Amino acid sequence: MNYGYAIGASGVLAAMHRQDVAANNLANVTTTGFKMDLGATVPREAARVEDGLYNLPSNKLLERLGAGVLLAPTRTVFEQGPIETTGKPLDVAIRGDGFLAVGGAGVGGTQTVRYTRDGRMTLDPRGTLVSVTDGSPVLDAQNNAIRLDPGQKIAIDGDGTIRQGGREVARLAFVDIADRTALRKAGANRFDVPAAALASSAPARGSIVQEAIEGSAVDPIRAMMAVQSAANAVSASLRMMSMHDELTGRAISQLGRIS
Amino acid sequence: MAIISLQSAASGMSALNTALDVIANNLANVNTAGFKASRANFQDLLYIERSQPGVRNANDDQRPTGLQVGLGVKVSGTEYDFTAGNPIKGNKLDIYIQGNGFLRVQVEDARSPSGTAYTRAGQLALNSDGELVLATDQGRRLADGITIDGDVEDIQIDSSGRVLIKRPGVAELEDGGQLTLANFVNPWGLSSLGENLFADTDASGPPIEGEAGTDSFGTILQGYYESSNVDPTTELINMIRVQRAFEMNSNTIRAADEVLRSVAQLRR
């Protein structure tokens with residue numbers, strides 16, 4: 001069968017994947033603390049090279065062609081988003097490196113800690129500091145929930161220390177995770193961090209800004225171009241496929257003609 | 001696959017549409033006394049894992065998984081901004097709360113289970129029975145049940161919310177009752193009833209009542225009312241931003257549609 005079909009199809013699938021990732025970036029162009037994803041692709045080696053079957057006979061020309069394209073792991077770009085002042089005392093933005101810790105339900109009824117750069121918080125009826133997105137508790141440096149007195153002014157310092165009436169009452173967990181590639185998006189503007197990567201966590205070097213939020217770090221122009229260029233790549237690969245179709249057709253009708 | 005980009009873009013458009021609704025309501029209430037602006041909070045949706053065996057990262061080592069595709073965005077909720085509006089010179093019976101606190105207003109049980117609603121719009125008036133009411137078309141009574149009848153020369157409300165009545169020809173002021181304020185652990189959990197009123201909910205917690213000037217309660221300033229805290233400039237900037245983001249998501253739909261059409265035309 002014509003090898004080019006498969007290469008063309010891999011091009012279509014990879015470009016559609018890139019478009020999906022870019023579409024999600026664009027949909028989150030106003031989501032607080034959102035970080036842009038890159039839908040990466042890698043060239044695929046010919047079957048003999050990929051499978052390490054070097055002693056099998058092969059067609060050198062075909063091998064040089066490669067075998068199309070594969071999807072690579074999605075990369076998240078941890079660029080700083082714009083700091084927007086909101087004037088709400090329980091909004092915080094992070095300038096520079098660092099994440100806040102949020103508790104939540106994990107697999108099988110366990111509790112887990114997720115990390116976020118979305119610092120929109122509020123108090124629940126018991127005075128616990130929670131995230132506005134779903135009411136999960138925002139944690140302190142010891143991973144405990146934080147209880148505040150709602151009647152008093154809340155001041156949050158650059159290092160995450162929360163003061164009420166001039167007294168230090170709690171301190172937000174504010175950590176940086178060195179191995180950024182291990183962070184996995186979990187929805188609700190949060191990241192899952194595997195235990196191995198958590199070992200590399202260190203106190204954050206960035207600073208916390210009160211009464212502000214970090215806007216989405218998506219560059220809308222780049223995201224739009226990615227959506228459009230992926231659409232063009234799909235058409236191009238599809239065009240290649242129909243050309244191969246045409247060739248096959250001609251081979252059948254002309255080469256194979258007897259008289 | 002292109003179906004996912006269609007859905008992401010659609011989720012973006014519907015969330016941005018909600019954000020636009022919220023902004024429009026804020027702008028419409030730019031002159032409403034005691035109005036509190038809201039904002040729509042966004043969060044990204046779940047991610048699907050698109051794993052493919054033998055995927056390599058840039059360091060050329062293999063990862064069994066790690067290919068994530070997001071499914072778009074949603075509005076997680078709206079949140080009130082309870083920063084105070086400015087005091088605006090008003091009528092004799094207008095009051096402005098300098099600091100925390102809400103006035104308590106009687107409403108039908110159907111509107112608020114506790115029978116009480118809360119407001120910061122301190123535009124007060126007397127009804128034909130001499131009761132202290134909100135100067136709205138509903139004329140709702142304050143829950144403190146203050147009635148001022150007889151011959152009145154002047155009414156004064158002091159900073160602690162005590163109502164004092166000056167009778168003609170009497171030098172001493174007569175005590176007319178006490179305004180009680182209410183506060184909430186989580187005012188962001190209040191639900192809006194319209195008419196500048198809020199109702200307490202499980203999320204806001206029960207009201208904490210007290211006199212103005214005590215504990216965490218603000219003091220009362222007579223002769224002023226509270227303006228809307230909507231900042232038109234911020235709202236208009238947000239509107240532009242939301243509208244453009246909306247347009248960009250509609251472009252994604254067009255691009256995804258293009259892809260699907262090309263695929264459909266592969267075999268003619």
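The values are calculated or read from the model by the stated rules, or taken from the named source; none is laboratory data. Only a predicted model underlies this, so the values are computations on that prediction, with no experimental measurement involved. A quick note on method: Cβ atoms are made from the backbone with ideal geometry, for glycine too, and the neighbour counts reach across all protein chains shown.
Before moving on, here are some points about what is shown:
- Qualifying position, being without any contact (Cβ under 8 Å) to a residue 12 or more places away in the chain and of a type in the set (Val, Ile, Thr), among A:Ile177, A:Ile221, A:Ile208, A:Ile162: A:Ile221
- Every test in (1) touching a residue at least 40 places away in the same chain (Cβ under 8 Å); (2) farther than 19 Å from A:Ile213 by Cβ; (3) hydroxyl-bearing (Ser, Thr, Tyr) is passed by A:Tyr115 save one, and that test is (2).
- Here B:Ser216, B:Ser227 are screened, and the one residue that is surrounded by 15 or more Cβ atoms within 10 Å (Cβ to Cβ) and either charged (D, E, K, R) or more than 10 Å from every other protein chain (Cβ to nearest Cβ) (or both) is B:Ser227.
- Cβ-Cβ under 9 Å pairs, at least 6 apart or on other chains, the stretch A:121-133 side more than 7 Å from chain B (Cβ to nearest Cβ), far side among the acidic types (Asp, Glu) and in a strand (DSSP E or B): A:Met121/A:Asp91; A:Leu129/A:Asp140
- Looking only at the stretch A:176-202, residues that are in a strand (DSSP E or B) and within 14 Å of chain B (Cβ to nearest Cβ) come to 7 in all.
- Yes/no for B:Ser192 being at pLDDT below 90, farther than 19 Å from B:Gly12 by Cα and within 12 Å of chain A (Cβ to nearest Cβ): no
- The stretch B:152-176 residues that are touching a residue at least 12 places away in the same chain (Cβ under 8 Å), paired with ones that are among the hydroxyl-bearing types (Ser, Thr, Tyr) and part of a loop (DSSP other than H, G, I, E, B) (beta carbon under 8 Å, 6 or more apart): B:Ser160/B:Thr214
- Test for B:Val242: is it under 32 Å from the mean Cα position of the chain (by Cα), part of a loop (DSSP other than H, G, I, E, B) and within 25 Å of A:Thr85 (Cβ to Cβ): no
- Filter pass, A:Gly103 being closer than 25 Å to B:Gly72 by Cα, more than 9 Å from chain B (Cβ to nearest Cβ) and without any contact (Cβ under 8 Å) to a residue 60 or more places away in the chain: yes
- For the stretch A:61-77, the candidate set comprises residues that are outside any strand (DSSP E or B) and within 7 Å of another protein chain (Cβ to nearest Cβ); within that set, the residue that is surrounded by the fewest Cβ atoms within 10 Å (Cβ to Cβ) is A:Ala72.
- One residue from B:Leu193, B:Leu179, B:Leu134 being over 19 Å from B:Thr32 (Cα atoms) and buried (at least 16 other Cβ atoms within 10 Å of the Cβ): B:Leu179
- Every listed requirement among (1) in contact (Cβ under 8 Å) with a residue 60 or more places away in the chain; (2) in contact with an Asp or Glu (Cβ under 9 Å, 6 or more places away or on another chain) is met by B:Gly189 save one, (1).
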